[in-house]
Amino acid sequence: MACQGLQKGETLASLKTESDGLKKKLEVERGKLNDVELHQVAEKTEVLGALSIKTRRVLKGHGAKVLCMDWCKDKRRLVSSSQVRTSTDLWTREHGVSLPCTWVMACAYAPSGCAVACGGLDNKCSVIPLSLDKDENLAAKKKSVAMHTNYVSGCTFTNSDMQMLTSSGDGTCALWDVESGQLLQSFHGHTADVLSLDLAPSETGNTFVSGGCDRKANVWDMRSGQNIQSFESHESDINCVKYYPSGDAFASASDDATCRFYDLRADREVAVYQKDSIVFGASTVDFSLSGRLLFAGYNDYTINAWDVLKGNRVSILFGHENRVSRVKLSPDGTAICSASWDNTLRIWA
Amino acid sequence: MSTNNNIAQARKLVEQLRIEAGIERIKVSKAAADLMSYCEQHARSDPLLVGVPTSENPFKDKKPCIIL
């Protein structure tokens, strides 16, 4: 029997024993440092007062479920996408410029504000330069950058317009050079569709987190492609992952109706945001500027605001008439935008 | 050969777990203290937490003045 690649004394069985042993070791090591719960430490923090957040704008104009949105750094423009089209909206004027991109599940503004990336069921992620000229033929300028072998679920530019990170139903994430379309790095480790990714805040270095249908959240080194940390505590698909503003932690939203909070330096889950009355999946999360509040959108049409430190729900935002697909904080922290299957976007402040 | 694939996968898993098991960790008490400290430091400048006056919040409508 040909046994290429086996080290001396190594068998499939011995490797299995070793990996089981390492998994146990990981549990033990993590357990040693679990000396207190986050909400216990947070007992000395002041309780939050009632929030005065309500809908300030409703943006209509999409004729179909809005699946994704992103803010421009100018804090006033948004890009949003539905099953039918992608458009950029100036929320103050509520008029949109339609972009030639359909079946979009993910969209993102370039840091310069001069282009938009969108991707989805075409298995690609394309970049469209924006123009002030309404008659400009944007379809001609649309450029394919990323090519996956299944749908693109998430995309984000890195720190410049030059590189883009994507997550895909093909189980991988990838880093692309926008100009040439070249694949710079691919990230393998998830064993099912990757549904979301988020880049670490720039001060904390070159890492990003991804979450998927294998119930795992993985943290990656962008340069080496290495999976540096992995968290598996959700009981169902992870729909969204988002870094805490300091970069030392991240939150996740899952079909198991909970959101969870993981500290990267302690290497473990440190909070679960759940209630018996919340039985529908959470699809999206974002933090407020200080990281004290976590806004989460659910399939029961609501947005819940959680006290990140104490673990209790502070507020429920009602208004959408169908599932909330995305919530995102504006760049200056003054508002939250939500996208929904009710064909609208709402701005809350 | 599928046996070699299984072995390759198994070895990859062992290597991955070695990396994960070997990282340096801090106690939750320290991590929690740092998270709290970050929140406290930035609380005052968090508009959704403290609320900003209508005149300063671009998203809140200023009430129009009606001249009788």
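General observations
- Checked against (1) of a type outside the set (D, E, K, R); (2) part of a strand (DSSP E or B); (3) farther than 17 Å from A:H190 by Cβ, A:N218 meets all criteria but (3).
- Note on the range B:15-32: residues that are of a type outside the set (A, V, I, L, M, F, W, C) and surrounded by 15 or more Cβ atoms within 10 Å (Cβ to Cβ) total 6.
- In the range A:307-337, of all residues being over 19 Å from A:C107 (Cβ atoms) and either modelled with pLDDT under 95 or in contact with a helix residue (DSSP H, G or I) (Cβ under 6 Å, 6 or more places away or on another chain) (or both), the one that is surrounded by the most Cβ atoms within 10 Å (Cβ to Cβ) corresponds to A:L309.
- Count of the range A:168-201 residues which are within 19 Å of A:S252 (Cα to Cα), part of a strand (DSSP E or B) and not β-branched (V, I, T): 7
- Evaluated against (1) within 14 Å of chain B (Cβ to nearest Cβ); (2) farther than 24 Å from A:V58 by Cβ; (3) assigned to a loop (DSSP other than H, G, I, E, B); (4) more than 18 Å from the chain's Cα centre (by Cα), A:D276 falls short on exactly one condition, (1).
- Residues of the range B:39-50 classified as surrounded by 19 or more Cβ atoms within 10 Å (Cβ to Cβ) and either of a type in the set (G, A, S) or assigned to a helix (DSSP H, G or I) (or both), total: 4
- Scanning the range B:2-34 for residues that are outside any helix (DSSP H, G or I) and within 7 Å of chain A (Cβ to nearest Cβ) yields B:I23, B:R25, B:I26, B:K27.
- Contact map, the range A:175-201: first residue on the phi > 0 side of the Ramachandran plot, second residue crowded, with 18+ Cβ neighbours inside 10 Å and of a type in the set (A, V, I, L, M, F, W, C), Cβ cut-off under 7 Å, separation 6 or more or different chains; pairs are A:G181/A:V145.
- The range A:143-161, residues that are surrounded by fewer than 16 Cβ atoms within 10 Å (Cβ to Cβ) and modelled with pLDDT under 95: A:K143, A:S144, A:N159, A:S160
- Within the range A:229-268, strands (runs of 3 or more DSSP E) holding 2 or more residues that are within 19 Å of A:L289 (Cβ to Cβ), within 11 Å of the chain's Cα centre (by Cα) and within 14 Å of chain B (Cβ to nearest Cβ): A:249-254
- Among the candidates A:I303, A:I228, A:I238, the residue that is crowded, with 21+ Cβ neighbours inside 10 Å and farther than 22 Å from A:W348 by Cα is uniquely A:I238.
The values are calculated or read from the model by the stated rules, or taken from the named source; none is laboratory data. Quick caveat: nothing in here was measured; it's all calculated off a predicted structure. Methodologically, a virtual Cβ is constructed for each residue, glycine included, from the backbone with ideal geometry; neighbour enumeration extends over all protein chains shown.
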